[in-house]
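Here is the structure we will look at.
The values are calculated or read from the model by the stated rules, or taken from the named source; none is laboratory data. Quick caveat, the model's predicted, so the values are computed rather than measured. Every residue, glycine as well, gets a Cβ built from its backbone with ideal geometry; the counts of neighbours run over all protein chains shown. To get the accessible areas, we keep the full protein, side chains included, count just its heavy atoms, and leave off ligands, DNA and RNA. Shrake-Rupley method; radii C 1.70, N 1.55, O 1.52, S 1.80 Å.
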Amino acid sequence: MNQIFLPVPPQFSFQECLWFLDRNYDDCLHEVRENSVLKLLSIHEKPTLIEIKALDNHLQIDVLTGECAKDEICHFVTEWFDLERDLMPFYQLLAKDDDLAYMVTDYHGLRLLGIPDLFEALCWSIIGQQINLSFAYKLKRRLTETYGYKQTYEGKDFYLFPKPEIIAKLTVEELRNMQFSTRKAEYLMEIARTFSEKILSKTMLEGFSTAEAIKALVAIRGIGEWTANYALMKSLKRLECVTYGDVGLYNALNALKGLPKKPLRADLETFFKGFERWEAYTVFYLWRSLAVKNKAIQSI
DNA sequence: AACCAGGAGGAAT
DNA sequence: ATTCCTCATGGT
């Protein structure tokens, strides 16, 4: 079997990352097992199934199908798990906040799990607008199982997210039948067109400052401030992004910092000033704090 | 049975 | 420049 070994940085916990990937939801784009995660990648346009496990100071990546393109696979995993980040400065900021300091130990080694593909990140954030996450994951699964690429391995199905060229050619009715709202169907198809026609690409945004990138994204119908920040945080790893308008974020800040359910913009900005250049990580850890609560409630 | 979900756009103020 | 309304539907 083809194996790749990838060294991991300090302040890295594979189990914490796995825990977040699993949470309580049914994600169709990876499968979490006891001590590993499986995911189908597109490497050189070829589907490649990998399984990642943790050793002492390395990740072991088993290439189950497809070619063993070491550099590309390592590049993907590094982006996915944000392996090149030094978390010490973030933990120093957290430690200074009495209400959040517990996160340094409780979530130690948790990395901002990315969505390296920008098109996928944008579609996912549009799907997730305003609806509960269980339903959002259901919609993503329907879309992916119908229009994505499927590979079966040892009796289980693994998927690639649908390509923009496919989504661009759909009709509103086809998506409505999958219980997308008319609006979301239009948004997804229009964004698919901007990608398939090369009007927008991740490479393009990488050349932009974060403010410029947000401006460019918000100009597209269906992408508001929340979606732009979410996509830039998850796909381009712009750490200064804050998902303003995010109900989950507000709930976490309400529980941990006593902010109102609908906090003022100015109060949010004041809070995030304490986490400059690590805003996205702060948001991500606040989301993590919500997941803990869900789990506790469910186990009762 | 209301009311809320990891919002956004467009109309009405 | 704000506030209000609608969208679709599952979960609680």
Exercise. Please identify the pairs in which a residue from region A:129-151 that is of a type in the set (S, T, N, Q) has its Cβ atom under 9 Å from the Cβ atom of a residue that is part of a helix (DSSP H, G or I) and more than 9 Å from DNA strand C (Cβ to nearest atom), counting only partners at least 6 apart or on another chain.
Key: A:129/A:136; A:129/A:187; A:129/A:226; A:129/A:227; A:130/A:247; A:146/A:174
Exercise. Read through the list (1) within 15 Å of DNA strand B (Cβ to nearest atom); (2) among the aromatic types (Phe, Trp, Tyr); (3) buried (at least 17 other Cβ atoms within 10 Å of the Cβ), then give the number of the only condition that residue A:158 fails.
Key: (1)
Quiz item: Restricting the search to region A:225-236, which residues are out of contact with any Gly (no Cβ under 6 Å at 6 or more places or on another chain) and more than 16 Å from DNA strand C (Cβ to nearest atom)?
Solution: A:228, A:229, A:230, A:231, A:232, A:233, A:235, A:236
Exercise. Determine whether region A:178-195 contains at least one residue that is away from DNA strand B (no atom under 16 Å from the Cβ), modelled with pLDDT under 95 and surrounded by 15 or more Cβ atoms within 10 Å (Cβ to Cβ).
Key: yes
Quiz item: Can you tell which of A:231, A:213 is assigned by TED's automatic domain parsing to the domain that holds residue A:194, away from DNA strand B (no atom under 11 Å from the Cβ), surrounded by 20 or more Cβ atoms within 10 Å (Cβ to Cβ) and within 20 Å of residue A:118 (Cα to Cα)?
Solution: A:213
Quiz item: So residue A:221 clears everything in (1) within 16 Å of DNA strand C (Cβ to nearest atom); (2) assigned to a helix (DSSP H, G or I); (3) surrounded by fewer than 17 Cβ atoms within 10 Å (Cβ to Cβ) except one condition, right? Which one?
Solution: (2)
Exercise. Mind listing whichever residues of region A:106-133 are open to solvent by 20 Å² or more (accessible area, probe 1.4 Å), in a loop (DSSP other than H, G, I, E, B), more than 14 Å from DNA strand B (Cβ to nearest atom) and more than 20 Å from residue A:193 (Cα to Cα)?
Key: A:108
Quiz item: In region A:161-177, what residues are open to solvent by less than 50 Å² (accessible area, probe 1.4 Å) and within 16 Å of DNA strand C (Cβ to nearest atom)?
Solution: A:170, A:172, A:175
Practice problem: Return the total of residues in region A:234-245 being near DNA strand B (Cβ under 7 Å from one of its atoms) and assigned to a helix (DSSP H, G or I). | Solution: 1
